[in-house]
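As structure tokens, the structure follows; a few thoughts come after it.
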Amino acid sequence: YLKISKLALAFAIIHSKPPGKSCKEYTEHLAKTVSEQDFGWKSKVEALEAEVLRLRQELLLNKICPRFCLENDASAETLLDQECINPMSYSSQLEDSGCDVSNDYAFDSLGIASDFHQSEHVDTSKRWLERVPPFNLRCTSKEESLTAPVQFLQHLLEIRKLSEGGILQADFTELENDSFTVFNSVSQLLDGLTIFYNSPKFPVSNFLTEAVCVLISLITDTKLSNHVLKKCFKKLEEFKKNLIQIILRNNNVNRFQALHAVSHTLVLLGRNNILRNSLISLLLSEVRQFAEQLLQAHQIQDMYDITQYENIFLLCMILEQLLQNETEESNISSSDYDGEEKIKFLKNLDQIILHLSDEFPLFSLYLWRVSVLLNSAQIQ
């Protein structure tokens, strides 16, 4: 049947082709016409799907808190703008060649996000209740395409903040009944951030900085994080893996500030107790695999990836910071992290350090520092 259909289509094209055109040219013209029509339908479907998601977001917020007014079109800065964003410091730091990453002030605006749920601003919250920015899906760039999920998640955070202050009555059990809306909103945000980190443009727009703030605030909020992580844990794991690979594979000359931004986002994600252990496992796995590959290349005097060697130090620094934070925050030794990757990492580490210490002293030092943090209980 398929052969007969193809043969019939071929005869139809031959009989209907205009004079002066070959069958091949006419076939390519028809294929292009059909693909353009498919592209038009695809765009319409995507627009309709976005509109459906927007309406579901609006409906879910209304179910959680009917008093939360979404139809107010007055433009206003959100509490996240006031608490998280410091656009001048973030953008100005990223306008140069990207070789100096010693000044961490550029990323203070992201760091503040982790403490978002701890601050109380009741007066500002009262004003916010009357000045909710509207949803807007008419986007002209990749950054603006994140507007809908960012605003939806912002609204969730604001309702949470206002309900905690006793200003609003909210029922967050509704999040359990509509996992589709929450999952799709978080997925859109994570996909958009991944696209940006893959090909960052400097200076970074304030909106992208705000998007990171929203994500960090969401997963660190004591009440919302359980709902979000339950539905989006796999997507967050995929996001972390993508960020790690972005760090390892980036070979641009002026890449260091861009990678520092990615690293800082990973550290902020690692502040969440649930995400921390899985992130430590991913980092230990990557560092261990590279150390074994480097040892093998060194033993047979083979070439190794110098770009990956330069980038692996960022993963070591992230790993070290996460292990230190775990100790400081919980007052419990980091060795309480007793995953499978820890066992693999420590198994032949002494031999690896011994063989690499002469040729690669800095990398060997980082491996030793990580091993000390993992074994801190035994040392004490």
Taking the criterion of being in contact with a helix residue (DSSP H, G or I) (Cβ under 7 Å, 6 or more places away or on another chain), open to solvent by 30 Å² or more (accessible area, probe 1.4 Å), closer than 29 Å to Asn252 by Cα and at pLDDT below 90, would at least one residue in the range 312-332 satisfy it?
no
Could you list, in sequence order, the residues of the range 235-261 that are at pLDDT below 90 and either part of a loop (DSSP other than H, G, I, E, B) or touching a helix residue (DSSP H, G or I) at 6+ places or on another chain (Cβ under 6 Å) (or both)?
Asn250, Asn251, Asn252, Val253, Asn254, Arg255, Leu259
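What do you reckon, is Ile14 of a type in the set (A, V, I, L, M), open to solvent by 80 Å² or more (accessible area, probe 1.4 Å), at pLDDT 50 or above and touching a helix residue (DSSP H, G or I) at 6+ places or on another chain (Cβ under 7 Å)? First the steps, then the outcome.
Working: of a type in the set (A, V, I, L, M): yes; open to solvent by 80 Å² or more (accessible area, probe 1.4 Å): yes; at pLDDT 50 or above: yes; touching a helix residue (DSSP H, G or I) at 6+ places or on another chain (Cβ under 7 Å): yes.
So Ile14 fits the description; yes.
Rundown of residues vs (1) assigned to a helix (DSSP H, G or I); (2) of a type outside the set (Gly, Ala, Ser); (3) closer than 18 Å to Arg56 by Cα, yes/no style:
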residue: Leu162; (1), (2), (3): yes, yes, no
residue: Gly166; (1), (2), (3): no, no, no
residue: Asp171; (1), (2), (3): no, yes, yes
residue: Leu189; (1), (2), (3): yes, yes, yes
residue: Pro200; (1), (2), (3): no, yes, no
residue: Phe207; (1), (2), (3): yes, yes, no
residue: Ser217; (1), (2), (3): yes, no, no
residue: Leu229; (1), (2), (3): yes, yes, no
Matching residues in the range 209-223 (under 13 Å from the mean Cα position of the chain (by Cα) and open to solvent by 10 Å² or more (accessible area, probe 1.4 Å)) number 1
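Determine whether Glu143 is at pLDDT below 85 and surrounded by fewer than 18 Cβ atoms within 10 Å (Cβ to Cβ).
Working: at pLDDT below 85: yes; surrounded by fewer than 18 Cβ atoms within 10 Å (Cβ to Cβ): no.
Taking the combined requirement at face value, the residue does not satisfy it.
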Considering only residues that are buried (at least 21 other Cβ atoms within 10 Å of the Cβ) and of a type in the set (Val, Ile, Thr), look in the range 268-287 and name the one that is nearest to Tyr366 (Cα to Cα).
Val287
Qualifying residue in the range 224-234 (condition: more than 21 Å from Ser371 (Cβ to Cβ), touching a residue at least 60 places away in the same chain (Cβ under 8 Å) and open to solvent by less than 50 Å² (accessible area, probe 1.4 Å))
yes
Condition set modelled with pLDDT of 90 or more, of a type in the set (Gly, Ala, Ser) and under 32 Å from the mean Cα position of the chain (by Cα), scope the range 333-380, selection surrounded by the fewest Cβ atoms within 10 Å (Cβ to Cβ): answer is Ser371
For the subset of the range 173-203 comprising residues that are under 15 Å from Ile246 (Cβ atoms) and of a type in the set (Val, Ile, Thr), which member is least open to solvent (accessible area, probe 1.4 Å)?
Thr194
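The values are calculated or read from the model by the stated rules, or taken from the named source; none is laboratory data. Computed from a predicted model, the values in this text were never measured in an experiment. Positions of Cβ are generated from backbone atoms using ideal geometry, with glycine treated the same way; all protein chains shown enter the neighbour counts. The area values use the complete protein model at the heavy-atom level, side chains included, leaving out ligands, DNA and RNA. Shrake-Rupley method; radii C 1.70, N 1.55, O 1.52, S 1.80 Å.
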